[in-house]
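Here the structure comes first, spelled out in structure tokens, and everything after it is commentary.
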Amino acid sequence: MLGFFLHRLGFSILAVLMISLILFVLTAAIPESPARIVLGADAPEVQVQQFEHEHGLDRPLLVRYGEWVDRLALHGDFGTSVVTGLGMNEQIAETLPVTLELVIVAFVFAVVLSIALGTASAVFENSWIDHASRIFTVIGVSVPGFWTALILILFFAIRIPIFPPGGITPVSEGLGPHIMSLVLPAFCLGIFYTAVLSRMTRSSLIEVLGQDYIRTARATGLPRSLVLRYALKNAMVPVVTVTSMSFGYMFGWALIIETVFNIAGMSGSLLNAISQRDYATVRAVVFVFTLIFLLANLAADLLNAWLNPRLRTVQA
Amino acid sequence: MNRLVRAFGGPTGLIGGAIVVLVIAMALLAPAISPFDPDAVALDRQLTPPDLLHWFGTDQSGRDILSRVIWGARPSLEIGIGSVLVSILFGLPLGLVAGFNQGSWVEQVIMRTLDAVAAIPTLIWAIAVVGILGVGVSQLGPLAIGNQTKVTILLGLLYIPGLARIIYVATLVEAQADYVAARRLQGVPGWKILFSDVLPNTLSPVIVHATLQIAVGIILEAAISFVGLGVQPPAASWGNMLAASRNFVFSGEWWLSVFPGLFISITVIGFNLMGDGIRDVLDPRRKLTMAPA
Amino acid sequence: MSAAAPAFLEVSDLRIGFPGRAGDVPVVHGVDFALSAGETLALVGESGSGKSLTALSLIDLLPGGARRLGGRIRIGENQLDTLSSNAIRKIRGGEIAMIFQDPLSALNPAFTVGRQLTDAIRSHHPLSRGAAAKRAEELLDLVGIPSPKARLHSFPHEMSGGQRQRVAIALALASGPKLLIADEPTTALDVTVQAQIMALLARLRQELGLAILLISHNLDLVAEICHRVAVMYAGRIVETNTVEEIFRRPQHPYTRMLLDCIPRLDDRPGPLATIPGEPPLFGKLPSGCPFRPRCPAAHERCLAMPPAFPQEAGQAACWLAA
Amino acid sequence: MNAPPPTTPILSLRGIGKSYRLRGGLLARLRGRTPRLDALRDIDLEIRRGDIVGIVGESGSGKSTLGRIVVRLLEPTEGVLSFEGTALSEGTSRSLRAYRRRVQMIFQDSGSSLNPRKRIRRTLHEALRAAGVPRGRCNEEIAQLLRRTGLPEGILDRHPHALSGGQRQRVNIARALAMQPELLVADEPVSALDVSLQGQIINLLIGLAAESGLTLIFISHDLAVVRRICNRVIVMQSGVIVESGTPSEVMENPQHPYTRKLLDAVPKGLRESA
């Protein structure tokens, strides 16, 4: 088990290094020099060189990458943006919790609902509940969440003002309003993954229910609920993998949902940074998201090793 | 008719196929069927609700929404289908080679690299990379690459790990089959076995995956355009129409957002239903319901 | 020996079919047999003979689509065809238990052997976890697994094929059944392991007074532990008799040819005996006697009408049988 | 085994071994322990032209690995394999392909022995083309293959799944015969078939061997079958040959305890000995 964990951890670290290098090259080598951005396109060459020297931008790319990794790994410091002069750690500390809350609420909503829906659909295959849930899932994976968001704002925030049309009401203004302001964004973010995961749960569970060991469980006369437990533990293996990836992907869609609802989360940081051509901030934000994605995958690996004991011994 | 239904894996698959055909036809025939010039500004008819002249109403510049929706199908489909083609172009050979050389260093290098790339969250990277490259025309040597091409290639590249893994797994299974061993014993060279025996047997999951991936691509295009990094105005795309409509949701001009979104949804439903249908036809495992023990 | 004791299991006119385009396609065409406590009956036949479906219908676990078209199944005091599914569940594992061909896929890969055993035990007996674990350990000991206590914590994939089949047997015995159905229990195993499992089944029958219904394709194998044999062909029992009589005086030409087919260690070198042709395809029976196309002695009567089912030991579903 | 054979053996194996390096985890690799699995060890074997050699053993005995090494679908990690007195080193891929055509293999009917997407006609046609039969003669040759293997014409335009198990095995044999091999390795060719059909396929195989002077290696777990059709028996256990000889020597007077154990485990039935 420990070997398995170290093996996966090793892979994740390698992946982080590789991806961060790609990211660094993309954000540091491809665009024009930050000096030009800060000083303006027609600043004299001398001034630009002076600026680059001051900020260490004239050194080789790999040296700068090494420095960036070193500062990040040892001090957890993303550094300061050359363009805005703001500390990126502070910026992330301010916006990440907002996005994190939104994603976690939507994620929990999606996971709970999809497991219930997928299980019901599989157990009562071809019943009305199965048909209804399959219609829902096809629509759920097809309708873009940010359009749902626009429509829901139109109807449930403008026409019938039940929910606020945008922003997240801080908890300091009361838990009720805070939750109300989360409902629409979390729903629009979660609905796609509810559909994806319940499809997955359904097909995986149907496959497992046809396995010999489930026949054995029935033949030994286990009660239905226990037979289902036996099946679910096996059926969850592929679902867990997709679930963890969904958690990572949700941060991407959270950017779009935040834009629709004017939520001051990470999307603002990223899109602002893009429009200000502040590539160091882009790098920091994307890196944080990638790290979350990888951590979620690592967690899924561990959960799967628990669900499927064979994985613990079969390595690589 | 019955054969048609079966070819699409059932009535829902056929509905999906019909939607896809209709949407593609709409995009191809846009010059002939769109009632107005999609870019024609009519300042006297700004923000008119749907009426007999403008079935879907007009936008803030008085442009006809129906015409823009019809023309907007083009970039959506081009990016959705194009990106999948890009991913097949690279992912198919990678997956085949890795799967056919099981246990060799080639397999290790390809699959570990793809695993690492798979750890890239698609949407964020797509947004960030387009943001870095800029939405204008990029010059790559002698090639001028427009933003739509950029988005297409970028999404295609990000799809490669998923597609390659599907081909890899299918190839692994096929390469171990005894009929492949029999071909080897006939003295047939490996590359020929790969193309004449293994490849055709791995295509089913690829076709299913590609169809479903087109659906995802259309939504991704809309999302990227929605944050202003995809298809650039004034050219119409479903995503940038939604982006433009955002400001009018609060003032109640519902037609600006409803119609483009509706077309995205219906198109994506079409590809999803078609993909599910094709899977039911091509995946024989799902048909083993009646095997007497 | 079976005539004296009242039969524990009685199956009469059992018919099973799959749904088809034009109504149900029958694959088991009226099967009768009975089985008493302490007795072992073998259902012998080739693939497609309906032997496994017959067995699965006894515990109401017919595979996808297949269903009982008619007939009666009595187990102890219970008439299976009149019971609710909940009551059947109590009988499953309670009165009857079953083991299958592939012991690896028959055990849940995600749970330890101990967990699977205790769950099965507690589903039928109100025992505490501790007491159930104790009982599980006894069961593993009973089926001949060394250091049973340690093995409770093992997962199926950590065991050998023979050990897995022993665990599957222990699982089947968890509730103290009176009838054990064994569906090709050794087909997936090596020949030396096969001998051990057959010996174990024989011992369990004796120690626990189990009735055993053994499904197999190998007459030589079943001869070692069975009292009676019912030979099935194309969904019918064509001949039933004591194992000694089947071997000494096979009545049905199929039985005779099947016995000849099995190569023996003391045979002289040379070509093997065969039965010409192939078993009829699912749902496509020839007219008259189903064995007619493969039977060397077939004549006009065999073409015209299927022979009657054997009513008692020593008879055969054949126009030529005495 | 005893006196040297008058002619060179068609196939001889000297000290053949096959081991796999198991891919251990990161920890194992760091500690420098890469576990190895010996599938075969020290296999010495000579097969004369026209022999029918039975290889028996249980799962894990290495009998299938040996079969695949003989046709060189697998490369041995140790030892030398000689065909008609010429040692086959790890030659060029062309010489390897030329060798493979002279030895063919019949696989177990596992559902994957025939390409599920190809009709039988195409499978046989491709085999004949690979054997160098000109396109124009293929139909004629296919008809003859069908005759030799007792298959009806009607199966040519079917896919494998529409055939019975027995028919698929006959197609398997026909495909191998198309290459006009000198040595045929049959790996459990009947274990997936019903008892009543096993004899048909085995009789077909030995008939073909006698008819065209084929050398046959018959891999099986069924000692009784081997006893009837083979003139040499090799008993394997855990990757080693534990006993070999004529069937009567091995079956009537087994020397190795494992052979005795195997023989004892075979169900005997109640039939009186002939």
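What are the residues in the range B:225-236 that are more than 9 Å from every other protein chain (Cβ to nearest Cβ) and open to solvent by less than 20 Å² (accessible area, probe 1.4 Å), if any?
B:225, B:230, B:231, B:236
A quick yes/no check of all residues on (1) among the small types (Gly, Ala, Ser); (2) away from chain C (no Cβ under 11 Å); (3) closer than 19 Å to residue C:279 by Cβ:
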site: D:155; (1), (2), (3): no, yes, yes
site: D:161; (1), (2), (3): no, yes, yes
site: D:165; (1), (2), (3): yes, no, yes
site: D:183; (1), (2), (3): no, yes, no
site: D:188; (1), (2), (3): no, yes, no
site: D:196; (1), (2), (3): yes, no, yes
site: D:199; (1), (2), (3): yes, no, yes
site: D:206; (1), (2), (3): no, no, no
site: D:210; (1), (2), (3): yes, no, no
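Looking for something at positive phi, under 18 Å from the mean Cα position of the chain (by Cα) and acidic (Asp, Glu) - is there at least one such residue anywhere in the range C:177-184? So far as the range C:177-184 goes, yes, one or more of its residues are at positive phi, under 18 Å from the mean Cα position of the chain (by Cα) and acidic (Asp, Glu). In the range B:100-113, what residues are in contact with a Leu (Cβ under 7 Å, 6 or more places away or on another chain) and not aromatic (Phe, Trp, Tyr)? Those that are in contact with a Leu (Cβ under 7 Å, 6 or more places away or on another chain) and not aromatic (Phe, Trp, Tyr): B:102, B:110. Scanning the range A:121-153 for residues that are among the aliphatic types (A, V, I, L, M) and over 21 Å from residue A:256 (Cα atoms) gives A:122, A:123, A:129, A:132, A:135, A:138.
The lone criterion from (1) within 14 Å of chain A (Cβ to nearest Cβ); (2) open to solvent by 10 Å² or more (accessible area, probe 1.4 Å) left unmet by residue B:173 is number (1).
Filtering C:250, C:185 for residues that are at pLDDT below 95 and surrounded by fewer than 24 Cβ atoms within 10 Å (Cβ to Cβ) leaves a single hit, C:250. Please determine whether any residue of the range C:283-293 is more than 14 Å from chain D (Cβ to nearest Cβ), open to solvent by less than 40 Å² (accessible area, probe 1.4 Å) and hydroxyl-bearing (Ser, Thr, Tyr). No: the range C:283-293 contains no residue that is more than 14 Å from chain D (Cβ to nearest Cβ), open to solvent by less than 40 Å² (accessible area, probe 1.4 Å) and hydroxyl-bearing (Ser, Thr, Tyr).
A count restricted to the range C:66-93 and to residues that are more than 12 Å from chain A (Cβ to nearest Cβ) and of a type in the set (Gly, Ala, Ser) stands at 5.
Can you spot a residue in the range B:37-53 that is small (Gly, Ala, Ser) and within 25 Å of the chain's Cα centre (by Cα)? Within the range B:37-53, none of the residues are small (Gly, Ala, Ser) and within 25 Å of the chain's Cα centre (by Cα).
Scan the range B:262-274 residue by residue and report those that are over 13 Å from the mean Cα position of the chain (by Cα) and facing another protein chain (nearest Cβ under 7 Å). Passing the criteria: B:265, B:273.
Looking only at the range C:143-191, residues that are part of a loop (DSSP other than H, G, I, E, B) and either in contact with a strand residue (DSSP E or B) (Cβ under 6 Å, 6 or more places away or on another chain) or not hydrophobic (A, V, I, L, M, F, W, C) (or both) come to 15 in all.
Annotation for the range A:165-185: no member residue is touching a residue at least 12 places away in the same chain (Cβ under 8 Å), crowded, with 20+ Cβ neighbours inside 10 Å and within 30 Å of residue A:308 (Cβ to Cβ). Of the residues making up the range D:231-262, those that are buried (at least 19 other Cβ atoms within 10 Å of the Cβ) and facing another protein chain (nearest Cβ under 8 Å) are D:247, D:251, D:262. Residues that are open to solvent by less than 10 Å² (accessible area, probe 1.4 Å) and assigned to a loop (DSSP other than H, G, I, E, B) were ranked within the range C:101-122; the one that is farthest from residue C:180 (Cα to Cα) is C:110. Number of residues in the range B:237-261 that are of a type in the set (Phe, Trp, Tyr), at the interface with chain A (Cβ under 7 Å from one of its Cβ atoms) and touching a Leu at 6+ places or on another chain (Cβ under 8 Å) equals 1. Considering the range A:61-162, the qualifying helices (runs of 4 or more DSSP H), each wholly inside and each with 2 or more residues that are surrounded by fewer than 17 Cβ atoms within 10 Å (Cβ to Cβ) and modelled with pLDDT under 90, run over A:61-75, A:88-123. Quick check on residue C:47: is it in contact with an Asp or Glu (Cβ under 6 Å, 6 or more places away or on another chain), in contact (Cβ under 8 Å) with a residue 40 or more places away in the chain, assigned by TED's automatic domain parsing to the domain that holds residue C:217 and in a loop (DSSP other than H, G, I, E, B)? Criteria met by residue C:47. Close Cβ contacts (under 6 Å, 6 or more residues apart or on different chains) running from residues in the range C:247-275 that are farther than 15 Å from residue C:46 by Cβ to residues that are hydroxyl-bearing (Ser, Thr, Tyr) comprise C:266/D:273.
Apart from one condition, residue A:13 fits all of (1) more than 20 Å from residue B:117 (Cα to Cα); (2) within 14 Å of chain D (Cβ to nearest Cβ); the exception is (1).
Residue-level analysis places residue A:169 outside the set of residues that are modelled with pLDDT under 95 and either within 11 Å of another protein chain (Cβ to nearest Cβ) or under 22 Å from residue B:13 (Cβ atoms) (or both).
The values are calculated or read from the model by the stated rules, or taken from the named source; none is laboratory data. The model shown is predicted, which means the values in this text are computed figures rather than measured ones. So basically every Cβ, Gly included, is an ideal-geometry build from the backbone, and we count neighbours across all protein chains shown. We work out accessible area using only protein heavy atoms, side chains counted, and drop any ligands, DNA or RNA first. Shrake-Rupley method; radii C 1.70, N 1.55, O 1.52, S 1.80 Å.
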